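What follows is a single structure, written as structure tokens, with notes after it.
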Amino acid sequence: MLELYHNINSVCAQKVRIALEEKGQKANDHIMTLRGDQFDAAYRKLNPNAVVPTLVHDGEPIIESSLILYYLDEVFPEPPLMPKAPRQRFRARMFSKLIDEYVHNSCTILTFATAFRPAFIKMEPEAWQAEISKAPIKHRAEYKRSVIEKGLDSEFVADALAHHNKLLSWMADSLKGGQYLAGDGFSNADCAVIPYILRLELLKLGALWDRYPAVADWWTRMRARPSVKTAIFDRMSDGDWAPFKNLAPDPWPKVQALLKAA
């Protein structure tokens, strides 16, 4: 039996849900609000890092979204989501490494600086500072504090944009060799990257890939893929869309200026 502890808007959870759909596997839902429930003692027994997703397979918790993707491909090998050719397998792993080490934190920075910031600045400073300080990984609290206070003027934003630009450049280069990010077949590389491109779109930063037609074409195809529709778009309620509906001010002019200054 599969159980999935997740959040609808979590980019890490979204990639696991896509993989489950591709595999035709159903998991019992445990939807987290991420408004403190991730720090509950019972959940931290499953996931000491107090993050989502957590996959529980026959009672055993599997954590870290990239590792969950590999686990699912080993336990449910059909259809395969890792390429057979070694170089293409390497490419799939490299996308996961780039995301885990750089892009994920950068995504958090851009999201908190724009979509999530309005809700935090309505709170008393002591309240939101106490909330973000609960994170087990302290540097995440540091940059969240900075972007909540300063928005896109935070010192962390320029590097966050640079890491996203590196991802887009890698994607464009990979797509020269096939329709997907690790060759001619849909793979864990695509599962891993899709949520981050969607997040840029939701943050009104889709112009970042204007100079990469292959990325735009890939994204059009991924958006229409049944697994993506079912795993992400069909799951999003009005409340899930809400943080991205009225971004004010529009972040693109500021981001454009930062890119020109880089």
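The values are calculated or read from the model by the stated rules, or taken from the named source; none is laboratory data. Bear in mind the structure is a predicted one, so any value in this text is a computation, not a measurement. Heads up, the Cβs are rebuilt from the backbone with ideal geometry, glycines too, and the neighbour counts pull from every protein chain shown. In case anyone asks, the SASA skips ligands and DNA or RNA and just uses the protein heavy atoms, side chains included. Shrake-Rupley method; radii C 1.70, N 1.55, O 1.52, S 1.80 Å.
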Evaluation of TYR212 against (1) closer than 20 Å to SER187 by Cβ; (2) open to solvent by 10 Å² or more (accessible area, probe 1.4 Å); (3) without any contact (Cβ under 8 Å) to a residue 40 or more places away in the chain (one fails), failing number: (3)
Quick one: which residue in SER187, SER146 is under 24 Å from PRO249 (Cα atoms) and open to solvent by less than 40 Å² (accessible area, probe 1.4 Å)? SER146
The listed residue being open to solvent by 40 Å² or more (accessible area, probe 1.4 Å), part of a helix (DSSP H, G or I), over 27 Å from ARG140 (Cα atoms) and in contact (Cβ under 8 Å) with a residue 60 or more places away in the chain, out of THR230, THR220: THR230
Is it true that some residue in the stretch 254-261 is open to solvent by 20 Å² or more (accessible area, probe 1.4 Å), out of contact with any Leu (no Cβ under 9 Å at 6 or more places or on another chain), within 30 Å of ASP184 (Cα to Cα) and without any contact (Cβ under 8 Å) to a residue 24 or more places away in the chain? no
What number of residues in the stretch 1-51 are in contact with a Ser or Thr (Cβ under 7 Å, 6 or more places away or on another chain), of a type outside the set (A, V, I, L, M, F, W, C) and farther than 23 Å from LEU198 by Cβ? 1
What is the one condition in (1) modelled with pLDDT of 95 or more; (2) open to solvent by 20 Å² or more (accessible area, probe 1.4 Å) that ASN49 does not satisfy? (1)
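Among the listed residues LEU208, LEU200, which satisfies the condition of being touching a Leu at 6+ places or on another chain (Cβ under 7 Å) and either under 18 Å from ASN9 (Cα atoms) or not in a helix (DSSP H, G or I) (or both)? I'd like the intermediate steps shown before the answer.
Numbers: LEU208 fails: either under 18 Å from ASN9 (Cα atoms) or not in a helix (DSSP H, G or I) (or both).
Only one candidate passes the filter, namely LEU200.
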All but one of (1) within 18 Å of the chain's Cα centre (by Cα); (2) at pLDDT 95 or above; (3) not hydroxyl-bearing (Ser, Thr, Tyr) hold for LYS23, so report the exception by its number. (1)
Looking only at the stretch 139-192, and only at residues there that are among the hydroxyl-bearing types (Ser, Thr, Tyr) and in contact with a Ser or Thr (Cβ under 8 Å, 6 or more places away or on another chain), the one that is nearest to ALA119 (Cα to Cα): SER146
Quick check on the stretch 33-42. Is at least one of its residues open to solvent by 40 Å² or more (accessible area, probe 1.4 Å), under 26 Å from GLY177 (Cα atoms) and free of Cβ contacts under 8 Å to residues at least 24 places away in the same chain? no
In the stretch 29-61, anything over 26 Å from MET123 (Cβ atoms) and either part of a strand (DSSP E or B) or in contact with a helix residue (DSSP H, G or I) (Cβ under 6 Å, 6 or more places away or on another chain) (or both) is listed as ASP29, HIS30, PRO53, THR54, LEU55, VAL56, HIS57, GLU60, PRO61
What are the residue pairs meeting all of these: first residue in the stretch 144-164, first residue at positive phi, second residue of a type in the set (Lys, Arg) and outside any loop (DSSP other than H, G, I, E, B), Cβ atoms under 9 Å, and 6 or more apart or on different chains? GLY151/ARG117; GLY151/LYS254
Considering the stretch 52-79 alone, what residues qualify as being surrounded by fewer than 16 Cβ atoms within 10 Å (Cβ to Cβ) and closer than 13 Å to ASN188 by Cβ? LEU67, GLU74, PRO77, PRO79
